[in-house]
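Heads up, the thing below is written out as structure tokens.
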Amino acid sequence: MATIAIASFIGLTTPITRTQGLSGHFPNPSSPFSSLKYSQFRTTFSPSMATTPIQVSASSSSSSSPAIDEKKGAGFSGIVGADDLLIVGPGVLGRLVAEKWRQEHPGCEIYGQTVTVDHHEELIKVGINPCLKGTKTDLKFPNVIFCAPPSRTSDYPGDVRVAALNWNGEGSFLFTSSSAPYDCNDNSPCDEDTPVVPIGRSPRTDVLLNAEKVVLEFGEYLYITGKLLVLFQSDLNYVYKADRGAHVYWLSKGTVDTNPDHVLNLIHYEDAASLSVAILKKQLRNRILLGCDNHPLSRKEVMDLVNKSGKFTKVFESFTGTTDPLGKRLNNSKTRAEIGWEPKYPSFSQFLESL
């Protein structure tokens with residue numbers, strides 16, 4: 001299980017300066033349970049980047065919605081509605097966002113951009129119109145969420161830029177990422193205002209910082225929460241459900257060579273999706289927001305709860321590592337107050353009780 005950050009922004013008219021010590025966050029694309037961190041830097045915003053001409057007609061009705069050419073695995077044409085949503089990387093989180101967005105906006109059309117056609121039939125079954133990455137279209141969308149991982153591309157910043165160019169500047173653009181870059185690795189408290197690590201600390205981080213820079217050229221605020229383990233692979237702040245997440249991976253291994261005292265920050269997939277939708281609707285500006293359940297647990301505490309729950313057939317044995325870094329204890333009380341959001345599952349232990 002891992003972490004997400006989402007950058008959301010709406011029609012900009014003033015320059016953006018990146019405040020030292022605050023930034024968006026991206027996860028590690030290469031290691032199952034290690035994390036990358038953002039760093040502080042300054043960037044300016046060119047108004048022309050976010051005020052591209054709107055090339056579609058806005059409509060609250062989906063009766064004239066774009067048609068998908070599934071034989072080619074992508075493509076759409078027609079009118080984009082005012083409540084329509086484009087999901088770049090419609091995995092587990094993206095599909096839950098689609099479900100909740102549709103509940104809030106009946107009659108809207110939802111599109112999912114993928115790298116391959118492998119899951120297009122699945123997307124169609126859940127009401128998401130699939131489109132293959134690289135498909136050329138003049139259409140732009142009022143609402144875009146970027147959920148694609150950096151692990152499946154050689155140019156992550158470029159992919160983010162293309163996704164931002166698919167946004168028409170009217171609604172919100174959300175970018176998924178990680179809280180790992182917060183400069184805190186001793187299990188101490190961390191919130192929206194905690195400084196981040198300096199740029200250049202890791203070559204891998206610099207790739208992600210370039211992606212953040214792209215986001216900042218188009219947007220105004222960042223949202224931090226948990227992200228898919230299998231895609232974003234960070235262990236500091238992670239998303240879970242019964243059959244997916246770090247606890248499932250650890251159960252499958254039995255014994256894991258990693259530090260049992262490393263603190264994790266948890267959030268259920270449904271809660272990550274509901275918070276994403278709440279932020280999309282809120283359309284705030286220039287914010288850094290966090291998503292977590294405010295009940296951080298060490299790895300050992302997580303697996304002790306799993307074993308005691310009696311809800312799983314396997315039993316976890318132990319963590320044997322001693323040298324890997326510790327984590328951080330996230331608190332998102334500021335985000336909750338600003339967004340007016342509370343999780344369905346207030347803690348991992350309460351989630352286990354609900355199974």
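FYI, it's all coordinate maths here, none of it is from the lab. In this text the structure is predicted, and so the values were computed from the model without any measurement. Cβ atoms come from the backbone with ideal geometry, glycine included; neighbour counts cover every protein chain shown.
What does the charge count near LEU355 come to, summing +1 for each Lys or Arg and -1 for each Asp or Glu among other residues with Cβ under 12 Å from its Cβ? Result for the neighbourhood of LEU355: 0.
Past 24 Å, Cα to Cα: identify those pairs from LYS282/LYS328; LYS140/LYS281; LYS125/LYS241; LYS311/LYS344; LYS100/LYS314; LYS253/LYS308, in the order given.
Pairs exceeding 24 Å: LYS282/LYS328; LYS100/LYS314.
How much net charge surrounds LEU330 when only the other residues with a Cβ under 10 Å from the Cβ of LEU330 are counted, with Lys and Arg +1 and Asp and Glu -1? Value of the local net charge: -1.
In this structure the amide hydrogen of SER298, modeled in the peptide plane, comes within under 5 Å of the amide hydrogens of LEU264, none closer than 5 places in sequence on its chain.
Projecting label points 7 angstrom from Cα along Cα→Cβ for HIS119 and THR323 puts them 3.6 nm apart. Around the amide H of CYS131, modelled in the peptide plane, lie the amide H atoms of GLY112, GLN113, THR114, all under 5 Å away and 5 or more residues distant in sequence or on another chain. What is the sum of charges, Lys and Arg at +1 and Asp and Glu at -1, for the other residues whose Cβ falls under 14 Å from the Cβ of PHE316? Every neighbour counted, the sum reads +2. Put in order of Cβ neighbour count within 10 Å, fewest first, the listed residues PHE146, PHE175, PHE351 become PHE351, PHE146, PHE175.
Ranked for footprinting exposure by Cβ neighbours inside 10 Å, fewest first, VAL315, VAL162 give VAL315, VAL162. The gain in end-to-end length when the LYS311 to ARG152 segment is fully stretched comes to 53.9 nm, 0.36 nm per residue minus the alpha carbon separation.
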